[in-house]
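Read through the structure below, which is laid out as C-alpha cells, and then see the notes.
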Amino acid sequence: MTRTELERIYYLKKELVMWQERLADLQADIALGTKTLDGMPRSATNGITKPTEDKAIRLQEVAKIIEGKIGEIQYAISEVDEYIMGIDDPLVRLILHCRCCRLMKWEEVADQLGTEYTAEAARQIYHRFIKDLPK
C-alpha cells in the first residue's frame, strides 16, 4: 500500500461532501422554483425545455454520483482496513485506523490511545510509519 492509497479516503469523503452540498443546492432550487419575470408569454410547445424537469434530472444524476462515491469510500475503507490488519504493532494499527478510516483529528486519536499519549506523539508515530511507504 502507498501513502496516497492510505490517505485517499480523506479526499473521497471531501468529494462526497461537495456532491452532497450540490444535491442540497439543487433541492433548494427546485423547492423555491424559478419564475421568469420578463413578462413574455410562455408556451409548452415553443421548444424550450422545462427548467424544473432539467433540475429534477440533474438531481437524479447527482444522487447517483453520491451513491457511487459512498460505494467507492466503502471499498477504499475495506482495502485500508485489510492492509492495517496486516501490521504487527497494535498501536500503529489503532492510530492508522483512527486517522485514515475514521478521519479523526490528532487530539481525537490521542484520546483513543489513552492518557499516556498526546496528539503530537500519535502524529509522530503515524509519520514514522508512513515515511517508509512508497508514495
Measuring with a 1.4 Å probe in the full set of protein chains, what accessible area per residue, in whole Å², belongs to the chain?
69 Å²
If each residue of separation counts as 0.36 nm, what is the full-extension length gain between D132 and A31 once their alpha-carbon separation is subtracted?
31.2 nm
Starting from the Cα of K50, step 7 Å along the direction of its Cβ; do the same at K64; then give the gap between the two resulting points in nm.
2.0 nm
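Mean 1/r over all different Cα pairs, inverted: what Kirkwood radius does the chain give, in Å?
Numbers: mean 1/r = 0.0548 Å⁻¹.
Computed over Cα pairs of the chain, the Kirkwood hydrodynamic radius comes out at 18.3 Å.
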If you build the Cα gyration tensor of region 59-135 and take the root of 5 times each eigenvalue, what three semi-axes come out, in whole angstrom, biggest first?
29, 15, 11
Nearest 10 degrees, 0 to 90: what angle lies between the long axis of helix 8-32 and the longest principal axis of the chain (Cα atoms)?
20 degrees
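The values are calculated or read from the model by the stated rules, or taken from the named source; none is laboratory data. Nothing here was measured: the structure is a model prediction, and the numbers come from that model. Cβ atoms come from the backbone with ideal geometry, glycine included; neighbour counts cover every protein chain shown. Areas reflect the complete protein model, heavy atoms only, side chains present, ligands, DNA and RNA absent. Shrake-Rupley method; radii C 1.70, N 1.55, O 1.52, S 1.80 Å.
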